[in-house]
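Engineer: Following this message is one structure expressed as structure tokens.
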Amino acid sequence: MAAETKRTVYQGSELQSFRFYLQHTGEHAAVLHILQKHLPVEFQRIAADKSSLGVLGVGSGGGELDVEMLSLLLSTFPTLPITADIVEGSTELVANFKALVAKTDNLQKIPFTWHVMLSKEYRMQVKDVKKYDFIHMIQMIYFVDDPTETIKFYHSLLNKNGMLMIIVEKATEGWDILWRTFSKELCSEALPVYRSSKEVIASVKTLGLKYEEHSIPNTFEITECFDPNSETGQRLLRFMTGSDFTSFTPQIRADILNLLRSKCSTEKEGKIHFNSCLSCVFVHA
């Protein structure tokens with residue numbers, strides 16, 4: 001996830017919490033499954049009658065999904081010149097991304113331009129803005145000041161037949177229920193307003209843009225979150241609530257856990273699985 005203010009860039013302990021979350025939830029695998037299903041067809045449409053392709057990743061994090069998407073693009077068009085620009089505010093995550101590129105042989109033919117800055121800084125500082133054929137914003141729209149203006153700006157950078165892809169938590173699913181119910185307790189200076197696919201779709205409609213939405217099903221087990229002595233459970237709760245879970249009052253902790261079990265999850269064979277569905281929105285040029 002990228003961020004709009006310094007406070008929300010993943011560094012240090014926040015980065016470790018993020019990596020722990022990814023290791024225990026299978027989120028990247030769920031996203032990749034949907035991308036592999038839909039992107040080849042979209043890439044064929046995007047590349048029609050073009051002699052080269054430009055890709056822009058906004059908030060690309062450690063690059064795990066970018067590497068997969070670029071590899072998929074290369075396998076679709078092995079002889080077409082491709083360039084990649086990356087906007088990411090976390091120096092640690094950019095270093096991770098560069099290391100992935102260095103050990104992925106097929107990506108050596110792609111020239112990368114690294115913008116180690118926030119989305120807001122990119123919009124303000126980059127004067128000679130390029131046009132792109134494929135722009136993606138994965139799990140970063142939460143942190144921008146104005147989602148409609150952000151979408152409008154990046155959509156304006158699309159070439160003919162281009163596409164802006166936005167991935168965000170799905171409305172009415174587990175994350176949405178949790179954060180809207182406890183917005184007063186969970187939202188902070190770093191994340192003052194919670195957003196889901198509901199706000200993204202509303203912005204796209206306000207702008208009058210053509211779009212399509214694809215659901216990304218995913219669940220992950222949170223059984224240990226209900227054991228106060230479980231380190232894994234407490235670390236998951238820290239990421240899920242954006243705070244040290246023990247910092248909440250006993251009543252708030254109890255209310256959150258009750259909501260997680262009763263409204264945000266399904267239970268099977270004694271295991272509790274959080275409904276962490278996402279939404280993938282394709283916005284066309």
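The values are calculated or read from the model by the stated rules, or taken from the named source; none is laboratory data. Model, not experiment: these values are computed from the prediction. Using ideal geometry, Cβ is built from the backbone for each residue, glycine included, and neighbour counts are taken over all protein chains shown. Side chains are part of the model used for accessible areas, which takes the heavy atoms of the whole protein and leaves out ligands, DNA and RNA. Shrake-Rupley method; radii C 1.70, N 1.55, O 1.52, S 1.80 Å.
Engineer: Measure nothing but the geometry: give the 0 to 90° angle between the long axis through the Cα atoms of 64-76 and the longest principal axis through the Cα atoms of the chain, rounded to 10°.
Structural biologist: 40 degrees
Engineer: In whole percent, and with a 1.4 Å probe on the protein chains, what portion of the accessible area of segment 156-207 is carbon and sulfur?
Structural biologist: Ligands and nucleic acids excluded, carbon and sulfur give 53 percent.
Engineer: Using a 1.4 angstrom probe on heavy atoms only, work out the carbon and sulfur share of the accessible area of segment 35-75 in %.
Structural biologist: 50 percent
Engineer: Only loop residues by DSSP count here, and only those with at most 14 other Cβ atoms within 10 Å; note down the GluC sites (Glu not before Pro) in segment 226-285 that meet that.
Structural biologist: Taking segment 226-285 and a limit of 14 other Cβ atoms within 10 Å, the loop GluC sites (Glu not before Pro) found are GLU269.
Engineer: With Cβ to Cβ distances under 9 Å as the rule, what net charge do the other residues near VAL55 carry (K, R +1; D, E -1)?
Structural biologist: Overall, the nearby charge balance is -3.
Engineer: Oh, and also: As an exercise, take the mean of 1/r over every pair of distinct alpha carbons in segment 64-206, invert it, and state the Kirkwood radius in angstroms.
Structural biologist: 16.9 Å is the Kirkwood radius here.
Engineer: Also, quick follow-up: Check which residues have an amide H placed less than 5 Å from ILE138's amide H, if you skip close sequence neighbours.
Structural biologist: Residues meeting the criterion, in which the H sits 1.01 Å from N, are VAL58, ILE167.
Engineer: Next question. Output the 0 to 90 degree angle, nearest 10, between the alpha-carbon long axis of helix 250-262 and the longest principal axis computed from the alpha carbons of the chain.
Structural biologist: Result, in degrees: 60.
Engineer: List the residues, sorted by chain then number, that are 5 or more residues from SER265 or on another chain and whose placed amide H is less than 5 Å from its amide H.
Structural biologist: Answer set, sorted by chain and number: ASN275.
Engineer: Restricting to the chain, compute how many DSSP beta bridges are antiparallel as a %, nearest 5.
Structural biologist: 50 percent
Engineer: If you add up the charges near HIS24, with Lys and Arg at +1 and Asp and Glu at -1, over every other residue whose beta carbon is less than 11 angstrom from its beta carbon, what do you get?
Structural biologist: Once all neighbours under 11 Å are counted, the net charge is -1.
Engineer: Cα-based Rg of segment 174-248 per 2.2 N^0.38 Å, rounded to two decimals? Working shown, then result.
Structural biologist: Values: Rg = 15.7 Å, N = 75, 2.2 N^0.38 = 11.3 Å.
For segment 174-248, the normalised Cα radius of gyration is 1.39.
Engineer: Kindly identify the chain as rounded, prolate or oblate by the Cα gyration tensor criterion: order the square roots of the eigenvalues as a ≥ b ≥ c, call it rounded if a/c is under 1.5, otherwise compare a/b with b/c, prolate if a/b is larger, else oblate.
Structural biologist: Details: a/c = 1.77, a/b = 1.71, b/c = 1.03.
It comes out prolate by the Cα gyration axes.
Engineer: Let me ask something additional. Any chance you could give the angle, 0 to 90 degrees and rounded to 10, that helix 27-46 forms with the longest Cα principal axis of the chain?
Structural biologist: The answer is roughly 20 degrees.
Engineer: To the nearest 20 debye, what is the magnitude of the charge dipole of segment 132-182 about its Cα centre, counting +1 on the Cβ of each Lys and Arg and -1 on the Cβ of each Asp and Glu?
Structural biologist: The calculation lands at about 140 debye.
Engineer: Here's a follow-up. Once you place label points 7 Å from the Cα toward the Cβ at ASP146 and SER51, how far apart are they in nm?
Structural biologist: With each label point 7 Å from Cα toward Cβ, the separation is 3.8 nm.
Engineer: Along the charge dipole of the chain, which of SER60, GLY162, ILE201 sits closest to the positive end, that is, farthest toward it, with unit charges on the beta carbon of Lys, Arg, Asp and Glu (+1, +1, -1, -1)?
Structural biologist: The Cα lying farthest towards the positive end belongs to GLY162.
Engineer: What's the magnitude of the charge dipole for segment 198-250 around its Cα centre, counting Lys and Arg as +1 and Asp and Glu as -1 at the beta-carbon? Answer in Debye, nearest 20.
Structural biologist: Roughly 340 debye, rounded to the nearest 20.
Engineer: If you put +1 on each Lys and Arg Cβ and -1 on each Asp and Glu Cβ, how big is the dipole of the chain around its Cα centre, in Debye rounded to 20?
Structural biologist: 560 debye
Engineer: Projected onto the charge dipole of the chain (+1 at Lys/Arg Cβ, -1 at Asp/Glu Cβ, origin at the Cα centre), which of PHE43, LEU237, LEU100 gives the Cα projection farthest towards the positive end?
Structural biologist: PHE43
Engineer: Leaving out ligands and nucleic acids, and using a 1.4 Å probe, what accessible area per residue does the chain come to in Å²?
Structural biologist: 45 Å²
Engineer: Pick from ASP176, ASP145, ASP105 the residue whose mean-square fluctuation is largest in a GNM of the chain, springs joining Cα atoms under 10 Å.
Structural biologist: Taking springs between Cα atoms under 10 Å, the residue moving most is ASP105.
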